[in-house]
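K.L.:
Here's a structure for you.
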Amino acid sequence: MFGLGLLGAWILAAAVAAVPAHGGYSLRTALVRLADFARLDFGASSISGLRAAAVVGERLPATLELLTAGAIVAFVVGIPLGVLLGRGLRAAAPLIQVVAAAPVFCAGLGLLWLSAHALRWTYAPAPLPWPSLAEGGRAALLALGALALPGLTVGAAGAAAVQLAVRRAESGAIEEPYRHGLRLLGLGSFEIDRLYLAPQILAGMLARFGEIVLTLFSAAAVAEWLFGWPGAAVLFLKSVALHDWNVTALVLLAFAVISLVADFCGVLAARALGGVP
């Protein structure tokens, strides 16, 4: 399934790259572009004239940086939130779902307003200067500050997906018949949850890791546009608007491969924990 998913992503990207600027789409052109993709020839940007691989390669690290920051926030917030909603705060679940369903764009606007009016903090987008971290800590701290708002925006969307995955995994694991048998053997609820329930919840969350990554990508596209972050997600939106199909196809392929790899690794990890049949 993983191999077929990669093949499908490759074919879809080639089909997108074959879209002409002014109509006249043909199957022959799509097959030619598919052959080019098989040779790792992704063409050139119709806007800048640079190789599409170079354009996307320059922007992709900034998006991965934003996704990493968002994923940290998502798991730190989403896991305990999912456990609380699943076990002790069921009445608050509808409220949390309403908040989680709020558009990411609105959440980002709220963060911008708070930073400007409440914290008196002027946002200045800048990716982390990884090569120069050893040379100056101040630049790294400034870059981390610039990453905070878009990272929180992406992390908030990811936290909603994580807590939903945790709640689903917990609701399935809580009904397992082994719990009653273990209580009859003398184990307390805490031991049962720690030794048996927690691995099942973790496995259930990892099995949906691909869905979580897709949510982070969706939020990253909005956050990069809103905060002016120089990443590949906003490059995808701009390249679609400008009909730069070679760049569009390559960004789509990169995102699809990352999501498929995340889903594949998550399912493998869940199987290793015994949470996926």
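The values are calculated or read from the model by the stated rules, or taken from the named source; none is laboratory data. Bear in mind that the values here come from a model prediction, so they are computed numbers and not experimental data. Every residue, glycine among them, receives a Cβ derived from its backbone with ideal geometry; neighbour counts consider all protein chains shown.
K.L.:
Any residue that is of a type outside the set (S, T, Y), under 30 Å from A159 (Cα atoms) and within 27 Å of the chain's Cα centre (by Cα) - is there at least one of those in the range 12-28?
P.N.:
In the first step, residues of the range 12-28 are kept if they are of a type outside the set (S, T, Y); the result is 12-24, 27-28.
With under 30 Å from A159 (Cα atoms) added as a condition, the list becomes 12-13.
Then keep just the ones that are within 27 Å of the chain's Cα centre (by Cα); that gives 12-13.
Yes, the range 12-28 contains a residue that is of a type outside the set (S, T, Y), under 30 Å from A159 (Cα atoms) and within 27 Å of the chain's Cα centre (by Cα).
K.L.:
Checking F255 against (1) free of Cβ contacts under 8 Å to residues at least 40 places away in the same chain; (2) surrounded by fewer than 15 Cβ atoms within 10 Å (Cβ to Cβ); (3) not aliphatic (A, V, I, L, M), only one condition comes out false. Which one?
P.N.:
F255 satisfies all of (1) free of Cβ contacts under 8 Å to residues at least 40 places away in the same chain; (2) surrounded by fewer than 15 Cβ atoms within 10 Å (Cβ to Cβ); (3) not aliphatic (A, V, I, L, M) except (2).
K.L.:
Between a first residue in the range 53-79 that is over 16 Å from A232 (Cα atoms) and a second residue that is polar (S, T, N, Q), which pairs have beta carbons less than 6 Å apart while being 6 or more apart in sequence or on different chains?
P.N.:
Matching pairs, first to second residue: G78/Q163.
K.L.:
Taking the stated definitions as given, is F227 more than 20 Å from the chain's Cα centre (by Cα), under 27 Å from V77 (Cβ atoms) and modelled with pLDDT under 85? If you could, list the steps in order and put the result at the bottom.
P.N.:
On the way: more than 20 Å from the chain's Cα centre (by Cα): no; under 27 Å from V77 (Cβ atoms): yes; modelled with pLDDT under 85: yes.
Spelling it out, it is not the case that F227 is more than 20 Å from the chain's Cα centre (by Cα), under 27 Å from V77 (Cβ atoms) and modelled with pLDDT under 85.
K.L.:
Next question, about the same structure. Is there any pair linking a residue in the range 160-178 that is part of a helix (DSSP H, G or I) and crowded, with 23+ Cβ neighbours inside 10 Å to one that is among the aromatic types (F, W, Y) and at pLDDT 65 or above, with Cβ under 7 Å and at least six apart or on different chains, and which?
P.N.:
V162/F75
Quick grid of which residues meet (1) small (G, A, S); (2) crowded, with 17+ Cβ neighbours inside 10 Å; (3) over 26 Å from L214 (Cα atoms):
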| residue | (1), (2), (3) |
| --- | --- |
| L12 | no, no, no |
| S26 | yes, no, yes |
| F37 | no, yes, no |
| L40 | no, no, no |
| A44 | yes, yes, yes |
| G49 | yes, no, yes |
| V56 | no, yes, no |
| E65 | no, yes, no |
| I72 | no, no, no |
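K.L.:
Exactly one of these conditions fails for L253: (1) within 12 Å of the chain's Cα centre (by Cα); (2) at pLDDT 90 or above. Give me its number.
P.N.:
That leaves (1) as the condition not met.
K.L.:
Residue pairs, Cβ under 6 Å, 6 or more apart or interchain, first in the range 213-239 and charged (D, E, K, R) and buried (at least 19 other Cβ atoms within 10 Å of the Cβ), second at pLDDT below 90 and assigned to a helix (DSSP H, G or I). List them.
P.N.:
These pairs meet every condition: E224/A233; E224/V234.
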